[in-house]
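Visitor: To start, I am sharing the structure in question, which I have written as structure tokens.
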Amino acid sequence: MEEADELDTPTPLYQDLSVSVIAINGLSGTGKGTARGQVATRLGFHQLDSGCLYRAVAYKALKRSVAITDVPRLVRIASELDLQMDGLAVYSGDEEITDLLRTEQIDNHSRVVSQVLEVRRALMQYQLSMRKLPGLVADGRDMSDVFTGQLRFGYHFTTDVEVKAERRVRWYEKRGVKVDPKKVLQDMKDRDRADMTREHSPFKQHPDDVVVDNTNMKVGEAAEFVVADYLRRLAAVA
């Protein structure tokens, strides 16, 4: 067990360094979630979508009419989260809340929530507690910083922003939601810029991560690469 290397954390947090973690990092829309689910299924590992945690806090805050400026109540919500993840599906108890977390309103609120330092601290232990046998596949912006040790295997996913926007438009269309492609593209650019310049934990490529350019890959190819590379690197460590 080791103290997490997280400068923003005021109290010691611990993770089990004897358990493998595949950390998939990238900006929104780079295929992290799809790859996470496929890799976890292939290896039989647990799953963690770190961005989903902030969306869930925003969703529950809105559902309870909690203002996103009410930090103490946001922290309480974050501390009480109990989610289950299965591929891209997210459950809170017996309720599937996947699509409820992917609305424009939740997008906007989660961006604010994710910048609240106290909420980030509250969710840190939740993330670290997911590192358990037989292993974990975690995706987010900074998973290679959250998880440490010799058995953390990081991947940096990247995708052309126009391709990301096209994929997001198709995602909405499949769910019967009509959106403006130009607005989706601009929102993508704005969100990428915000993620890379925010005050706490701005997005940046971890120096140890293997780069995976998902722009021209077919569904499943990124996951196949990660699984093969992970098994190769794991064998080298053993």
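Visitor: Name the residue, out of 136, 81, 100, that is closer than 20 Å to residue 25 by Cβ and either aliphatic (A, V, I, L, M) or modelled with pLDDT of 90 or more (or both).
Guide: On the way: 81 fails: closer than 20 Å to residue 25 by Cβ; 100 fails: closer than 20 Å to residue 25 by Cβ.
Within the list 136, 81, 100, the selection yields 136.
Visitor: Separate question: Could you check how many residues of the range 169-199 are in a loop (DSSP other than H, G, I, E, B) and either surrounded by 12 or more Cβ atoms within 10 Å (Cβ to Cβ) or in contact with a Phe, Trp or Tyr (Cβ under 6 Å, 6 or more places away or on another chain) (or both)?
Guide: If we filter the range 169-199 for residues that are in a loop (DSSP other than H, G, I, E, B), which is where we start, we get 175-180, 198-199.
Cutting the leftovers down to either surrounded by 12 or more Cβ atoms within 10 Å (Cβ to Cβ) or in contact with a Phe, Trp or Tyr (Cβ under 6 Å, 6 or more places away or on another chain) (or both) gives us 177, 179, 198.
Of the residues in that region, 3 qualify.
Visitor: So residue 91 ticks every box in (1) within 20 Å of the chain's Cα centre (by Cα); (2) without any contact (Cβ under 8 Å) to a residue 40 or more places away in the chain; (3) part of a helix (DSSP H, G or I) but one. Which box is left unticked?
Guide: Every listed condition holds for residue 91 apart from (3).
Visitor: So for the range 165-182 (the condition being within 30 Å of residue 117 (Cα to Cα) and among the β-branched types (Val, Ile, Thr)), does at least one residue qualify?
Guide: No: zero hits.
Visitor: Determine whether the range 62-77 contains at least one residue that is crowded, with 24+ Cβ neighbours inside 10 Å and not in a loop (DSSP other than H, G, I, E, B). Give the derivation first.
Guide: First, pick out the residues of the range 62-77 that are crowded, with 24+ Cβ neighbours inside 10 Å: none.
Checking the range 62-77: not a single residue is crowded, with 24+ Cβ neighbours inside 10 Å and not in a loop (DSSP other than H, G, I, E, B).
Visitor: Pull up the range 35-53, narrow it to residues that are surrounded by 19 or more Cβ atoms within 10 Å (Cβ to Cβ) and more than 16 Å from residue 130 (Cβ to Cβ), then point me to the one that is nearest to the chain's Cα centre (by Cα).
Guide: Here the answer is 35.
Visitor: Let me ask something else. Is there a residue being hydroxyl-bearing (Ser, Thr, Tyr) and modelled with pLDDT of 95 or more anywhere in the range 183-198? Let's see the steps before the verdict.
Guide: Our first condition is that a residue be hydroxyl-bearing (Ser, Thr, Tyr); within the range 183-198, this holds for 197.
From what's left, modelled with pLDDT of 95 or more: none.
No - not one qualifying residue is present in the range 183-198.
Visitor: Which of the following residues is polar (S, T, N, Q) and over 27 Å from residue 116 (Cβ atoms): 197, 148, 215?
Guide: 215
Visitor: Of the residues 222, 165, which single one is touching a residue at least 24 places away in the same chain (Cβ under 8 Å) and more than 17 Å from the chain's Cα centre (by Cα)?
Guide: Checking each option against the conditions leaves just 165.
Visitor: Give the residues of the range 48-81 that are among the polar types (S, T, N, Q) and either in contact with a Ser or Thr (Cβ under 9 Å, 6 or more places away or on another chain) or free of Cβ contacts under 8 Å to residues at least 60 places away in the same chain (or both), sorted by residue number.
Guide: Hits for the range 48-81 are 65, 69, 79.
Visitor: Residues of the range 120-167 being part of a loop (DSSP other than H, G, I, E, B), buried (at least 20 other Cβ atoms within 10 Å of the Cβ) and hydroxyl-bearing (Ser, Thr, Tyr), which ones?
Guide: 159
The values are calculated or read from the model by the stated rules, or taken from the named source; none is laboratory data. On a predicted model such as this, the values are computed, not experimentally measured, just so you know. Counting neighbours? That spans all protein chains shown, and the Cβs are built from the backbone with ideal geometry, glycine included.
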